[in-house]
Every structure is written in structure tokens, then in C-alpha cells.
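Peer 1: This is the structure I have questions about; it appears just below.
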Amino acid sequence: MDSRINYRYINAFLSGLIKHNDPLLVEMREYAESRHIPIVVPESARFLETICSISKPGKILEIGTAIGYSSIIIAKALNSECIIDTIEIDADMASKAAFYIKKAGLDGVIHIINGEALDVLQCLTKPYDLIFVDAAKGRYPQFLPHCIRLINVNGILLSDNVLYGGLVAKHGSIEHKHRTIANRLREYIEELFAMDNFITSVVPIGDGIAISYRKV
Ligand code: SAM
């Protein structure tokens, strides 16, 4: 399944606008692509950088580290003036992320928590200014109560892949292997839109990113 919802030529145009001149980030993208490790697509990475540059979050939580690419993007966008806690279930992935984060000189900025997100979330009590959800898509509805509990007023919740290759918006029957995730993501988006103390918009770049701002 294509994990980008726009026509190929639109994706190519949007990602072509972004210049990749950071050698470490180029190396990481090549590493991820060669091993089929999903990391944020360039236009979504740029969206993350843009939101961080506007809102300047001091405390950030990421659910889904992979090799640390998006964490490093965020830290660099904020000139390292932040603390990022990032949760990753896979020990090998967490150790590769630790390698790249050290190489980027960001090991005092980005803290990897190796564990199952739900278990970790239950133990977190300190609030965050920005939460980026980018892990198991079928678990988003379970992550949500914790994200709501942990996000500061004026904080931003970003949720990646919410359109799931377009299947979330599709009418009619969805292939069995994708149905549960598509239904859960639809439920998740509807919940985001129903929350009175948040304002949410879905931006149809990459695989769809929901941006939810906590008003009160
Ligand atoms: N945010 C990363 C980036 O753009 O550089 C990409 C994250 S990748 C899409 C999703 C990651 O979430 C995978 O590395 C996967 O092992 C991890 N993951 C999946 N389910 C998880 C869970 N329940 N708890 C913690 N991590 C999980």
C-alpha cells in the first residue's frame, strides 16, 4: 500500500522543494530507505520543522522513535533548545537511534525510552508542549487519553499517518488486512474533532498529519 495520499507528481513536487544538505540526515534517510524503515517523508518532516519553529516547544514527547530521524529534525529546528523524550519498543531500533543521536551531538537533548508506548505513557506525569504520535497506527485511540492528559494548554498534538494511504476516507469495503487500522484511525480523527478544548485540522501531506492545538 502506498503510504502517501497524494498523486505521485504532487509528492515529488513537494519533496523536491526541500533541499537536503545536512549530511547526517541524508545518511539516516539512506539507511532507513535501504532497510525499509519507515521515517517521516520529507514534506512531513518540513511540516514538523515549521510547527516547531512557530511554536518553540520546550518539552517534547515523541511516540515512535525508529532510528531517531524525526527527533533529530525537531531538535535541530529548535537549535537544541528543548528536551525530547522519545519512546521506542524495538531495542535494536532504539540502539541505532542512540548511535545517530550521539553522532548528532544531541544526546543531552533527546532521551530514548525503550519500551511499549502504553506502558511508558502510564508512567509519565510531567506535561509536554508538543507531542508527536508516530507509532503503531492501530493503537492511536489508546494513546489519546494519555496525550490529552500530558499536553499543556497552548500545546500541540501532531499525529502522523492519520489518513493511512487514503483508506480512512474511503467509502465501501476496505481490504480485510487494513480494515481494523483504518477504522481505528477514523475513530481517532473523529475523537480529535469532537474535543471542545482542542482545535484540530488534518493536513493532507505525506500520509496525512493531524494537528491539534489545546486551547484551554
Ligand atoms: N518518528 C520516526 C521518524 O520519522 O523518524 C518514525 C517512527 S516509525 C513510523 C514507528 C516506530 O514506532 C517504529 O520504530 C516502531 O518500532 C515503533 N513502535 C510501534 N509500536 C510501538 C509501541 N506500541 N510502542 C513503542 N514504539 C512502537
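The values are calculated or read from the model by the stated rules, or taken from the named source; none is laboratory data. Remember, it's a predicted structure, so these values are computed and weren't measured experimentally. Backbone-built Cβ (ideal geometry, glycine too); neighbour counts: all protein chains shown.
Peer 1: Output the qualifying pairs, or none if there are none: Cβ atoms under 7 angstrom, residues six or more apart or on different chains, first residue in segment 89-105 and closer than 15 Å to Ala32 by Cβ and modelled with pLDDT under 95, second residue among the acidic types (Asp, Glu) and part of a helix (DSSP H, G or I).
Peer 2: Qualifying pairs under 7 Å: none.
Peer 1: Right, Ser53: closer than 20 Å to Gly155 by Cβ, hydroxyl-bearing (Ser, Thr, Tyr) and more than 11 Å from the ligand (Cβ to nearest atom) or not?
Peer 2: So Ser53 fits the description; yes.
Peer 1: Also: Might you let me know whether segment 164-183 holds any residue that is more than 16 Å from the ligand (Cβ to nearest atom) and surrounded by 19 or more Cβ atoms within 10 Å (Cβ to Cβ)?
Peer 2: Among the residues of segment 164-183, at least one is more than 16 Å from the ligand (Cβ to nearest atom) and surrounded by 19 or more Cβ atoms within 10 Å (Cβ to Cβ), which makes the answer yes.
Peer 1: Inspect segment 56-70 for any residue being among the hydroxyl-bearing types (Ser, Thr, Tyr), in a helix (DSSP H, G or I) and within 7 Å of the ligand (Cβ to nearest atom) and give the result as yes or no. Reasoning before the result, please.
Peer 2: Step one: list which residues in segment 56-70 are among the hydroxyl-bearing types (Ser, Thr, Tyr), which gives 65, 69-70.
Adding the requirement that they be in a helix (DSSP H, G or I) leaves 69-70.
Within this subset, residues satisfying the condition of being within 7 Å of the ligand (Cβ to nearest atom) are 69-70.
Checking segment 56-70: at least one residue is among the hydroxyl-bearing types (Ser, Thr, Tyr), in a helix (DSSP H, G or I) and within 7 Å of the ligand (Cβ to nearest atom).
Peer 1: Just name the residue that is nearest to the chain's Cα centre (by Cα) out of those in segment 129-153 that are basic (Lys, Arg) and within 24 Å of Ala91 (Cα to Cα).
Peer 2: My answer is Lys137.
Peer 1: Same structure again: Would you check if there is a residue in segment 199-216 being surrounded by 15 or more Cβ atoms within 10 Å (Cβ to Cβ), of a type outside the set (Gly, Ala, Ser), in a helix (DSSP H, G or I) and modelled with pLDDT of 95 or more?
Peer 2: Checking segment 199-216: not a single residue is surrounded by 15 or more Cβ atoms within 10 Å (Cβ to Cβ), of a type outside the set (Gly, Ala, Ser), in a helix (DSSP H, G or I) and modelled with pLDDT of 95 or more.
Peer 1: Which of the residues spanning segment 26-55 are in a loop (DSSP other than H, G, I, E, B), over 13 Å from the mean Cα position of the chain (by Cα) and in contact (Cβ under 8 Å) with a residue 40 or more places away in the chain?
Peer 2: Answer for segment 26-55, where residues must be in a loop (DSSP other than H, G, I, E, B), over 13 Å from the mean Cα position of the chain (by Cα) and in contact (Cβ under 8 Å) with a residue 40 or more places away in the chain: just Ile37.
Peer 1: So which residues in segment 164-198 are outside any loop (DSSP other than H, G, I, E, B) and among the hydroxyl-bearing types (Ser, Thr, Tyr), if there are any at all?
Peer 2: Scanning segment 164-198 gives Tyr164, Thr180, Tyr188.
Peer 1: A follow-up question, please. So how many residues does segment 159-186 have that are more than 23 Å from Ile74 (Cβ to Cβ), in contact (Cβ under 8 Å) with a residue 24 or more places away in the chain and polar (S, T, N, Q)?
Peer 2: Number satisfying all stated conditions: 1.
Peer 1: If you take the residues in segment 86-104 that are surrounded by 15 or more Cβ atoms within 10 Å (Cβ to Cβ) and away from the ligand (no atom under 12 Å from the Cβ), which one is nearest to Leu25 (Cα to Cα)?
Peer 2: Selected residue: Ala104.
Peer 1: For Ile131, are the conditions met, namely being out of contact with any strand residue (DSSP E or B) (no Cβ under 9 Å at 6 or more places or on another chain), buried (at least 20 other Cβ atoms within 10 Å of the Cβ) and in contact (Cβ under 8 Å) with a residue 24 or more places away in the chain?
Peer 2: Values: out of contact with any strand residue (DSSP E or B) (no Cβ under 9 Å at 6 or more places or on another chain): no; buried (at least 20 other Cβ atoms within 10 Å of the Cβ): yes; in contact (Cβ under 8 Å) with a residue 24 or more places away in the chain: yes.
Answer is no for this residue.
Peer 1: Would you point out the residue of segment 119-128, among those that are over 16 Å from the mean Cα position of the chain (by Cα) and not basic (Lys, Arg), that is farthest from the ligand (Cβ to nearest atom)?
Peer 2: Looking at the filtered set, the residue picked out is Pro127.
Peer 1: Scan Ile156, Ile189, Ile209 and give me the residue that is without any contact (Cβ under 8 Å) to a residue 60 or more places away in the chain and under 17 Å from the mean Cα position of the chain (by Cα).
Peer 2: That would be Ile189, the only listed residue that is without any contact (Cβ under 8 Å) to a residue 60 or more places away in the chain and under 17 Å from the mean Cα position of the chain (by Cα).
Peer 1: Among the listed residues Leu121, Leu144, Leu130, identify the single one that is touching a Cys at 6+ places or on another chain (Cβ under 9 Å) and part of a helix (DSSP H, G or I).
Peer 2: Residue meeting the stated conditions: Leu121.
Peer 1: Regarding segment 5-22, can at least one residue be identified that is of a type in the set (S, T, N, Q), more than 11 Å from the ligand (Cβ to nearest atom), more than 19 Å from the chain's Cα centre (by Cα) and surrounded by fewer than 14 Cβ atoms within 10 Å (Cβ to Cβ)?
Peer 2: Step one: filter segment 5-22 for residues of a type in the set (S, T, N, Q), giving 6, 11, 15, 21.
Filter again for more than 11 Å from the ligand (Cβ to nearest atom), leaving 6, 11, 15, 21.
Now restrict to residues that are more than 19 Å from the chain's Cα centre (by Cα): 21.
The next check asks that each one be surrounded by fewer than 14 Cβ atoms within 10 Å (Cβ to Cβ); those that pass are 21.
Yes - at least one qualifying residue is present in segment 5-22.
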